[in-house]
Amino acid sequence: MLNKKRILSLLLLFSLIFPSLSLADAAEGDVIVTLGEDLKENEKQKLLEEMNAPENALMVVVTNEEEHKYLGQYIPKATIGTRALSSSAITIGAPGSGLEIKTNNITSITDDMFTNALITAGVKDASIYITAPIPVSGTAALTGIIKAYELSSDQAIPEDVKQIANEEMVKTVELGKSIGADEAAALMAKIKDQIAQHAPKTDEELRAIIEAAAKELGITLTEAEITSLISLFNKMKDLNIDWNQVNEQLHLAKEKITNFLGSEEGQTFLSKLQDFLVSLIDAIKAIFSSEATN
């Protein structure tokens with residue numbers, strides 16, 4: 001008899017050969033798992049447990065070769081490495097639910113960076129958990145998520161759109177080194193939001209959007225950084241990207257953060273954070289008071 005892994009492999013192969021019969025009927029709550037090809041068997045099992053992956057989840061394998069295919073022209077080969085390890089669990093959400101990203105053991109790509117890049121690629125309405133057995137960059141996960149989304153939606157994402165999503169992620173990481181990771185992700189989202197609303201036609205109009213977004217966020221950009229962003233967003237403008245969908249998904253992502261902060265869970269988090277800061281300040285005061293009396 002065929003075991004479950006063998007059946008899943010055959011189903012995946014069948015969907016690749018006959019795309020019209022693939023997973024277009026993926027329903028809310030369905031789970032697709034992407035696994036780095038170079039994970040050891042015990043690492044796979046631990047990650048599947050960590051991701052709470054159901055037995056009927058579709059398994060998609062991501063290779064190191066695929067990482068180099070989509071990232072090789074943007075970052076050094078040594079940075080990508082020789083092993084695909086980062087993995088993910090993608091839970092299909094209800095239409096209009098937006099993207100929700102959580103990560104573990106991912107070192108250079110933040111949740112918001114993943115969100116921005118995936119929105120550019122056209123991924124929407126899903127809850128995604130990205131993880132790895134050890135701290136890694138997370139490049140295999142982005143490649144895997146896009147690959148899995150194509151299978152689940154039966155919508156082929158054009159190669160140039162995949163490339164630009166990866167380039168955006170890399171440039172956001174690089175920008176984060178000078179202005180801060182959260183600031184870089186916020187800036188990219190703000191620029192895309194403005195492009196979706198105003199559709200700039202010239203470099204001058206695009207520069208104005210970039211500079212205005214940076215100013216509003218209190219970010220100072222170098223001329224080289226502005227030029228690099230103009231180049232990136234010009235490439236995006238030339239692609240068949242659904243900017244209305246980009247705008248919608250960006251606003252849904254913002255709503256999730258706002259709703260969390262307003263929820264009981266969010267208020268508990270803020271309360272704990274406040275208590276921690278108060279205790280930290282008290283501890284610092286105590287140290288200085290002790291030194292003053294000695």
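Before moving on, here are some points about what is shown:
- Per the Debye calculation on region 184-248 with a single equal scatterer at every Cα and no solvent contribution, log₁₀ I(q)/I(0) for q = 0.17, 0.21, 0.29 Å⁻¹ amounts to -0.53, -0.82, -1.50.
- Projected-area mean, region 18-130, by convex hull of Cα positions, square nanometres: 8.0
- Only protein heavy atoms count here; on that basis, with a 1.4 Å probe, LEU250 has an accessible area of about 10 Å².
- An ellipsoid equivalent to region 89-138, defined through the eigenvalues of its Cα gyration tensor, has semi-axes of 21, 12, 7 Å when rounded to whole angstrom and sorted largest first.
- Length gained on full extension, GLN197 to GLU159: 11.2 nm, using 0.36 nm per residue less the C-alpha separation.
- With kT/(6 pi eta Rh) evaluated at 25 °C and eta = 0.890 mPa s, and Rh the Kirkwood radius from Cα pairs, region 129-191 diffuses with a coefficient of 186 µm²/s according to Stokes-Einstein.
The values are calculated or read from the model by the stated rules, or taken from the named source; none is laboratory data. Worth saying up front: this structure is predicted, and the values here are computed from it rather than measured. The area values use the complete protein model at the heavy-atom level, side chains included, leaving out ligands, DNA and RNA. Shrake-Rupley method; radii C 1.70, N 1.55, O 1.52, S 1.80 Å.
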